[in-house]
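Derivation of every value follows stated rules applied to the coordinates shown; laboratory data play no part. Predicted model only: the values in this text are computed from it and were never measured. In this analysis, Cβ positions are derived from the backbone assuming ideal geometry, glycine residues included, and neighbour counts consider all displayed protein chains.
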Amino acid sequence: LAESGNKAKSEFLALISHEMRTPLHGILGMTSLAQEFSVNPEQQECLHTALESAQSLFEIIDDLLDFERIESGQFNLDLEQFRLEPVLLELKALYTLAAKNKDIVFHLSVDENIPTHVIGDPYKLKQLLSNLLSNAIKFTNNGDVYLSISLQKIQHEEAYLVFSVKDSGIGIPFHAQQEIFDAFQQVDLSSTRAFGGTGLGLTLCHHITRLMGGELSLDSTPGLGSTFHVTLPLRIPRKVRREEPSQKNETIEEPQSYKILVAEDNKVNQKLIRKMLESAGHCVEIADNGKEALDSFEKKGFDLILMDCQMPVLDGYKTTETIRNREAENGGRIPIVALTANAMSTDRDKCLSSGMDEYLSKPVKRAELLERIQRVIKEANKRSIETL
Ligand code: ADP
């Protein structure tokens, strides 16, 4: 009974988190579009607050989804070779600002001996450090927050890196120092508590660290502050992959206008994507499901298809497969970009193996969507010139 109760809870959590993402995607997208078009400073401020609130809600839902994935054994690493520097600089930019808003100072120090490239999951590493840094800032009212990275040792082609997040905040009572790593545990659960939160952040940190084969430890003195140490073994690549030339060095091209077919069944998303694309000068046609998308694809010359994955009548995967089969007979290859609310790592592989070229998970930001469209079309053009 306990097991089936637990299973029902997990399924409910997964379903409800997924269902909440879709309307929230609409709220976030429309609010940020409204902010772009509004000139009145008062409206701007209201929209900014609405955006921040929607973003916080989104983060809570993502934490719940991740927690559910851990419980069901679906929380896995996506390993790739990456550079540590951009990850650290991104965190620095984000948390310098967050700290400044609370009148505290953020410091980053990096041991110069750490390897430039490692093999690991950069997104989960960012998620792990973000959780620790957000807590450090949340529970500190004055003073400093430090992120320091040092090299402990190199053994069997692995660099053991120690990431330390130190704050001068309220500290954690000794009796609670073990429990706070358990799900939904918080030091202060009273109705008068001063800090919000779900109690899931450290549970996620603990799991990510374990998945990466590392260790997470805590040093804290109530009233003086806390330091979380994460020791991670990260493999050093034998051969450093040649970097893609940075887009910043390329000549900036005039954005072009494209004819884009959007296969999407949700009315709010249809409206949102149409607005995002049309405001950038693109022509948009909407198909309510995969079958309609196939009919439109046959009739008109589109430059690209944005494809939702879950749609009635014919889903995005089957639609893409059918398009690729028809192209195998008749020639041509239209770029297809998946746009989906599914946020699992296996979804990306499923999209690519059905024949799509790229994958974007909702909520997508306008700038990211436009940049991706431009890039995918450019790459497709380059490929077709090379095959000529
Ligand atoms: P949340 O921050 O959402 O409550 P976490 O799992 O991240 O959940 O943290 C659990 C609890 O551990 C927090 O509620 C807080 O009581 C305590 N905690 C975590 N980090 C710190 C910190 N840097 N300083 C003081 N307390 C902390």
>> Testing the spin-label approximation: label points 7 Å from Cα along Cα→Cβ at E42 and L352. State their distance in nm.
In response: 5.1 nm
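Using alpha carbons only, what's the Rg to Rh ratio of the chain with Rh from Kirkwood?
Details: Rg = 23.3 Å, Rh = 23.6 Å.
Checking Rg against Rh, the ratio lands at 0.99.
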> Contour minus end-to-end for H18 and S72, with contour as 0.36 nm per residue of separation and end-to-end as the Cα-Cα distance?
Replying inline: 17.9 nm
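How many percent of DSSP beta bridges within the chain run antiparallel, rounded to 5?
On the way: 31 of 53 bridges.
So the antiparallel bridges in the chain amount to around 60 percent.
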> Can you give the angle from 0 to 90° between the axis of helix 41-71 and the longest principal axis of the chain, with both taken from C-alpha atoms, to the nearest 10?
Replying inline: 80 degrees
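Contact order normalised by length for the stretch 1-151, with contacts defined as Cα pairs under 8 Å and 6 or more residues apart; what percent is it? Walk me through the numbers before you get to the answer.
Numbers: 123 pairs, mean separation 33.7, N = 151.
Over the stretch 1-151, the number comes to 22 percent.
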> Would you list Y317, Y123 from fewest to most Cβ contacts within 10 Å?
Replying inline: Y123, Y317
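Restricting to the stretch 105-173, compute how many DSSP beta bridges are antiparallel as a %, nearest 5. Don't jump to the answer; show the numbers that get you there.
Values: 10 of 16 bridges.
The antiparallel proportion sits near 60 percent.
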> What does the helix-only formula give at 222 nm for the chain: each DSSP H stretch with n ≥ 4 adding -39500 (n - 2.57), the total divided by the residues, and the result rounded to the nearest 500 deg cm²/dmol?
Replying inline: -15500 deg cm²/dmol
> Want the number for E59 to S217: 0.36 nm per residue separation, take away the alpha-carbon distance, what's left?
Replying inline: 54.5 nm
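Evaluate E = 1/(1 + (r/R0)^6) for E379 and F181, where r is the Cβ-Cβ distance and R0 equals 45 Å; express this FRET efficiency to the nearest 0.05. Could you put the intermediate results ahead of the total?
Numbers: r = 44 Å, r/R0 = 0.98.
It comes to 0.55.
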> Mind listing the phi-derived Karplus ³J(HN,Hα) values for the stretch 24-32, rounded to whole Hz, using 6.51, -1.76 and 1.60 with θ = phi - 60°, and x for any glycine or proline?
Replying inline: 5, 4, x, 5, 4, x, 5, 5, 6
> Can you give the charge dipole size of the chain about its Cα centre, rounded to the nearest 20 debye, using +1 on the beta carbon of Lys and Arg and -1 on the beta carbon of Asp and Glu?
Replying inline: 420 debye
> the stretch 3-85: Rg/Rh from Cα coordinates, Kirkwood Rh?
Replying inline: 1.15
> How far is helix 290-299 tilted off the main Cα axis of the chain, in degrees rounded to 10, range 0 to 90?
Replying inline: 40 degrees
> For the stretch 278-382, what relative contact order do you get, as a whole percent, if you take Cα pairs closer than 8 Å and at least 6 residues apart?
Replying inline: 24 percent
> the stretch 93-168 to the stretch 55-83: how many Å between their Cα centroids?
Replying inline: 19 Å
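Using 1/(1 + (r/R0)^6) with R0 = 35 angstrom and r between the beta carbons of R235 and T198, what's the FRET efficiency to the nearest 0.05?
Details: r = 33 Å, r/R0 = 0.93.
With a Förster radius of 35 Å, E is 0.60.
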> In whole percent, what relative contact order does the chain give with Cα contacts below 8 Å and a gap of six or more residues?
Replying inline: 13 percent
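With a Förster radius of 30 Å, plug the Cβ-Cβ distance of Q256 and E298 into 1/(1 + (r/R0)^6) and report the FRET value to the nearest 0.05. The partial results should precede the final answer.
Numbers: r = 24 Å, r/R0 = 0.81.
Rounded to the nearest 0.05, the efficiency is 0.80.
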> With axes computed from alpha carbons, what is the tilt in degrees of helix 84-100 against the longest principal axis of the chain, rounded to the nearest 10 within 0 to 90?
Replying inline: 70 degrees
> Taking a spot 7 Å from the Cα of S279 along the direction of its beta carbon, which residues of the stretch 347-365 have an amide N less than 13 Å from it?
Replying inline: 365
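Can you tell me how much longer the chain between A34 and K7 gets when fully stretched, taken as 0.36 nm per residue apart minus their C-alpha distance, in nm with one decimal? Walk me through the numbers on the way to the answer.
Values: separation 27, 0.36 × 27 = 9.72 nm, distance 4.09 nm.
Stretched out fully, the A34 to K7 stretch lengthens by 5.6 nm.
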>> Using the Cα centre of the stretch 77-184 as origin and beta-carbon charges of +1 (Lys, Arg) and -1 (Asp, Glu), tell me which of F106, G120, L77 is placed farthest towards the positive end of the dipole.
In response: F106
